[in-house]
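Student: I am attaching a structure below and will ask some questions about it afterwards.
The values are calculated or read from the model by the stated rules, or taken from the named source; none is laboratory data. No experiment lies behind these values; they were computed from the predicted model shown. Every residue, glycine among them, receives a Cβ derived from its backbone with ideal geometry; neighbour counts consider all protein chains shown.
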Amino acid sequence: MSRQINLALIGAGNRGQGIFGKYALEMPHRAKFTAVVEPESEKRAFFAANHHIPADRVFARYEDFFNSGIKDIEGMVIATLEDERIQPILKAMEKGYHILVEKPLCTNSAELIKLYDATKDYAGILIVCHQMRLTPIYRTIKRLIDSARYGEIVCVQHSENLSYSHMAHSFVRGFFNSSRLTPMLLAKSCHDMDLLSHLISGKAEKIASFGSLKYFRKENCPEGAPKFCLEGCRHYHTCPYHVLKLYFEPDTDQAYLRQMGVIKDKDQLLELLKKNRFGRCVFQTDNDVVDNQTVQIEFENDIHVSFTMCGHNGTERRMTKISMTNGEIEYDGLSSTIKVHSFEPLFEETIKVHTGGTHGGGDRAIMDNFIDAVESGDKSILLTPIKDSLEGHLMVFAAEESRASGTIVGLKEYEDKIRKSVVKI
């Protein structure tokens, strides 16, 4: 019989409120948030009210929460901004909490090595929200690979096709538009590096990457366009990125709005977009992250992977094709079906997979997995163990090193170099 697990949340923004908080509201028999930390007063009050958290368990600073003396918390979800996660993680470990951390864990390779060393012997549960492993689609693909029915993996082609609206919102106008803080691979595609490692069940040995910011640049700005869309831009009819087209439609992604704060109505949204970062002309922001990138990876056992990220797509989806010695597994990202082609015996099969919920069902699944582990105390059931997630992060940083330097990067040599620099800190 399941019991309700008491949780604390650090970071009540888009994911904290809209994914983790929503899980507790929809599954109250499994989880309840009984404390919250959030620096922004409106978000803090909104989350506390929704979850009926008393005032003495509501905090603006994580330090105040950890010093509060609260004793009944079993698990903690950390969903702060990307560059503000390492200290709450270390403090939560010091207190012995079971921890779920939003991805990415950190924003630079030195912090990654520190976390790797700090977490490798941690007695509690500590996982990263790499929910793609837990989606029904990729769990099915993993079972097909591990069955050995189709032989060994030879090569993998995998792509993340980011929609044009998501690219503009998050990576041009939004909080992930700085390559210094969160390069594209880290902010959006560390999921993919983690997934590839998981599907292959091996270590990456060499990595090379190429990418650029091709389109969202000042020289591509239409003549006479104002700095904010709502300042009377005369290019409204020809620009797909005008805010009235992205934020006022019935199917507007609610995650976009949650990133702007607590939005009460369209009038308030209109006023915000006249002055906030999401109202800016996409050709006149301070962004510098790539809008297209490729990564070539050589894994052990002569397995080769090609990964592509592009931010100019009509439909957001991931696509995967796995070529094996006795078959091929393909997922087109548009349907909930997997196509399998066997060489001997010769046959084709289409596997229908039930999917639903955000991130293909992965958000609900990873919360279920975390709560199951906390309730049972069984770490062996975790599908995103911290050690594996750290390996995927290392691939991200090595790929960025390759893109910046124009060289092929050896993973072991890269890790050794970072470790030497960490010792000097």
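Student: Give just the number: which of (1) closer than 14 Å to V289 by Cα; (2) in contact with a strand residue (DSSP E or B) (Cβ under 7 Å, 6 or more places away or on another chain); (3) among the basic types (K, R) does K206 not satisfy?
Tutor: (1)
Student: Would you check if there is a residue in segment 25-33 being touching a residue at least 12 places away in the same chain (Cβ under 8 Å), over 18 Å from N6 (Cβ atoms) and among the hydrophobic types (A, V, I, L, M, F, W, C)?
Tutor: No: segment 25-33 contains no residue that is touching a residue at least 12 places away in the same chain (Cβ under 8 Å), over 18 Å from N6 (Cβ atoms) and among the hydrophobic types (A, V, I, L, M, F, W, C).
Student: If G261 passes every condition in (1) of a type outside the set (S, T, N, Q); (2) at pLDDT below 95; (3) surrounded by 15 or more Cβ atoms within 10 Å (Cβ to Cβ); (4) on the phi < 0 side of the Ramachandran plot but one, which one does it miss?
Tutor: If we test G261 against (1) of a type outside the set (S, T, N, Q); (2) at pLDDT below 95; (3) surrounded by 15 or more Cβ atoms within 10 Å (Cβ to Cβ); (4) on the phi < 0 side of the Ramachandran plot, just (4) comes out false.
Student: Name the pairs whose Cβ atoms lie under 6 Å apart, with the first residue in segment 8-19 and of a type in the set (V, I, T), the second in a helix (DSSP H, G or I), and 6 or more positions between them or separate chains?
Tutor: Qualifying pairs under 6 Å: I10/Y62; I10/P88; I19/D363.
Student: Kindly indicate whether V295 is in contact with a Lys or Arg (Cβ under 9 Å, 6 or more places away or on another chain) and of a type in the set (A, V, I, L, M). Quick ask: steps written out before the conclusion?
Tutor: Values: in contact with a Lys or Arg (Cβ under 9 Å, 6 or more places away or on another chain): yes; of a type in the set (A, V, I, L, M): yes.
For V295, the condition - in contact with a Lys or Arg (Cβ under 9 Å, 6 or more places away or on another chain) and of a type in the set (A, V, I, L, M) - is met.
Student: Just give me the residues in segment 344-370 being without any contact (Cβ under 8 Å) to a residue 60 or more places away in the chain and not aliphatic (A, V, I, L, M), in sequence order.
Tutor: E344, P345, F347, E348, E349, T350, K352, G356, G357
Student: Which condition breaks for E298 when tested against (1) assigned by TED's automatic domain parsing to the domain that holds R180; (2) without any contact (Cβ under 8 Å) to a residue 60 or more places away in the chain?
Tutor: Evaluating E298 over (1) assigned by TED's automatic domain parsing to the domain that holds R180; (2) without any contact (Cβ under 8 Å) to a residue 60 or more places away in the chain leaves (2) as the failure.
Student: Tally time: how many residues in segment 164-210 are on the phi < 0 side of the Ramachandran plot and not in a helix (DSSP H, G or I)?
Tutor: Of all residues in segment 164-210, those on the phi < 0 side of the Ramachandran plot come to 164-200, 202-210.
From what's left, not in a helix (DSSP H, G or I): 174-183, 188-189, 202-210.
Result for segment 164-210: 21.
Student: Here is a follow-up. For I145, all conditions in the list (1) within 11 Å of L199 (Cβ to Cβ); (2) in contact with a Phe, Trp or Tyr (Cβ under 9 Å, 6 or more places away or on another chain) hold save one; what is the number of the exception?
Tutor: Of everything listed in (1) within 11 Å of L199 (Cβ to Cβ); (2) in contact with a Phe, Trp or Tyr (Cβ under 9 Å, 6 or more places away or on another chain), I145 misses just condition (2).
Student: Out of curiosity, is R133 of a type outside the set (D, E), more than 23 Å from D416 (Cα to Cα) and in a helix (DSSP H, G or I)?
Tutor: Criteria met by R133.
Student: Could you say whether any residue in segment 187-209 is over 23 Å from the mean Cα position of the chain (by Cα), assigned by TED's automatic domain parsing to the domain that holds V409 and surrounded by 14 or more Cβ atoms within 10 Å (Cβ to Cβ)?
Tutor: Taking every residue of segment 187-209 in turn, at least one turns out to be over 23 Å from the mean Cα position of the chain (by Cα), assigned by TED's automatic domain parsing to the domain that holds V409 and surrounded by 14 or more Cβ atoms within 10 Å (Cβ to Cβ).
Student: Hey, another quick one. If you take just the strands (runs of 3 or more DSSP E) that sit entirely in segment 273-328, which of them hold at least 1 residues that are acidic (D, E)?
Tutor: 292-299
Student: Hey, does segment 325-346 have a residue that's out of contact with any Phe, Trp or Tyr (no Cβ under 8 Å at 6 or more places or on another chain), farther than 26 Å from Q157 by Cβ and loosely packed, with under 13 Cβ neighbours inside 10 Å?
Tutor: no
Student: Within segment 331-387, how many residues are over 28 Å from G151 (Cβ atoms), within 20 Å of the chain's Cα centre (by Cα) and either assigned to a helix (DSSP H, G or I) or modelled with pLDDT of 90 or more (or both)?
Tutor: Qualifying residue count, segment 331-387: 13.
Student: Consider L270 against the criteria (1) touching a residue at least 40 places away in the same chain (Cβ under 8 Å); (2) more than 27 Å from G224 (Cα to Cα); (3) among the aliphatic types (A, V, I, L, M): it satisfies all of them except one. Which criterion is unmet?
Tutor: The one condition L270 does not meet is (2).
Student: Provide a single number: the residues in segment 32-65 that are over 22 Å from I263 (Cα atoms) and either in contact with a Lys or Arg (Cβ under 7 Å, 6 or more places away or on another chain) or part of a helix (DSSP H, G or I) (or both).
Tutor: Counting residues in segment 32-65 that are over 22 Å from I263 (Cα atoms) and either in contact with a Lys or Arg (Cβ under 7 Å, 6 or more places away or on another chain) or part of a helix (DSSP H, G or I) (or both) gives 9.
Student: May I pose another question? So if I check each of M132, M93, which one is over 27 Å from F46 (Cα atoms) and in contact with a His (Cβ under 6 Å, 6 or more places away or on another chain)?
Tutor: It is M132.
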